[in-house]
Amino acid sequence: MPDWEKLVREQLAGLDLGYQEENEIIAEIVGHLEEAFESFCREGISEQDATRRALAQVADWNDLRRKIYLVRNREDNMEPRVTRFWLPGLLGFALAMILDVASHRFLSHPLVLSLDRGTPILRFHISWILALPLVGAIAAYLSRRAGGTLRTSLLSSIFPVLPIAAVFLVAIPTGLIVGHPIAYGIVAEKILYMALGWVLAPGAALLTGGLFVQRFLSGGSRSGHGVNAGVA
Amino acid sequence: MIGAGTKRGTAELAILSVLESGSLHGYEIAHRIERQTRGKLRFTLASLYPLLYRMENKGLVRGAWEVSGNGRRRRCYRLTAAGKKKLLPLRQEWSELFRALRQLAKVADA
């Protein structure tokens, strides 16, 4: 008979629950695999096939670990959209704003874009943009950890620029059309520059971090499957 | 395609139903559901335990370590008072749904 405990302990490593709780979950799953294995053996199936069939009950150990973690931490009592999108997104937004303020306060030489008459329309620090991939990565990681899909986690990673994008897409054009129809043509180019600085550049930086996390996590998941196949 | 909520609802009903007759450990729950439904409903380890833990959080079942007939320690689940209370309305809800679907199927066939 395979060493089920060693196998389950390896596959559920990093479950991140209390020592006793984790041991109880492992013991319970080990018990289930033992029962399944013995049942297959009683049907006359070879030990090797019985092992394979028992293990086939878990297609993705990473997914099982995540589900158990969520249920045991009772996070699923919260609306999934809150934990998968809003919380990581809002945390990312807060981090991005803190970094923005910090870079304005402690670093010199912000990049300034201005209107023809010298009115500054945009001030941002390159160091802020460079720090944003980390913010996007944190938000995407938290979203994925809470069971978020690829799309949800990428959306939560770019969350800090979504409110600003909404302003550009709705509020500014509307304000210009309604309030200053003549000036619209003149400043349209500047609006594009502003959108570039406030939405596209930070959005790309945040998305880079989010995509990095996706790549990292999917790589981990693939290696988990490899272990399964080897054991089976 | 059957949504996650529907699947979870039917799965909860299945687990509550088999536990009605007494306490069972995880493997027995899955095995009994499969046997009683003649293989139409199957729980894998991966689908069973997250659901059992969720039902435990909701106070529908309670797990406790017991020594089984073959001398092994197994975590056995039994219905709580809340679980027993939920079983009847859940059964009615699902049988109404199936009755409605059967009626729809008859109309479609006619």
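Miscellaneous remarks
- Take the Cα of A:D16, step 7 Å toward its Cβ, do the same at A:S127, and the gap between the two points is 3.0 nm.
- Helix-only mean residue ellipticity at 222 nm for chain B, each DSSP H run of n ≥ 4 adding -39500 (n - 2.57), per residue, nearest 500: -21000 deg cm²/dmol
- Fraction of accessible area attributable to carbon and sulfur, chain B (%, probe 1.4 Å): 54 percent
- Its Kirkwood hydrodynamic radius, worked out from the mean inverse distance over all distinct Cα pairs, puts the range A:1-70 at 12.6 Å.
- Environment charge of A:P2, counting only residues whose C-beta is closer than 15 Å and scoring Lys/Arg +1, Asp/Glu -1: -4
- Spacing of the modelled spin labels on A:E47 and A:I191, each 7 Å from Cα toward Cβ, amounts to 7.4 nm.
- Probe 1.4 Å, accessible area per residue of chain B, Å²: 61 Å²
- Simple spin-label estimate for B:E34 and B:A81 in nanometres, 7 Å along Cα-Cβ: 3.6 nm
- Summed over both chains, the contact between A and B buries some 2000 Å² of accessible surface at a probe radius of 1.4 Å.
- Reduction of at least 10 Å² in accessible surface, 1.4 Å probe, comparing all protein chains with the chain by itself, residues of the range B:25-44: B:H25, B:Y27, B:T44
The values are calculated or read from the model by the stated rules, or taken from the named source; none is laboratory data. None of these values were measured; they are calculated from a predicted model. Note: ideal-geometry Cβ built from the backbone for every residue, glycine included; neighbour counts use all protein chains shown. What goes into the accessible areas is simple: the full protein's heavy atoms, side chains included, and nothing from ligands, DNA or RNA. Shrake-Rupley method; radii C 1.70, N 1.55, O 1.52, S 1.80 Å.
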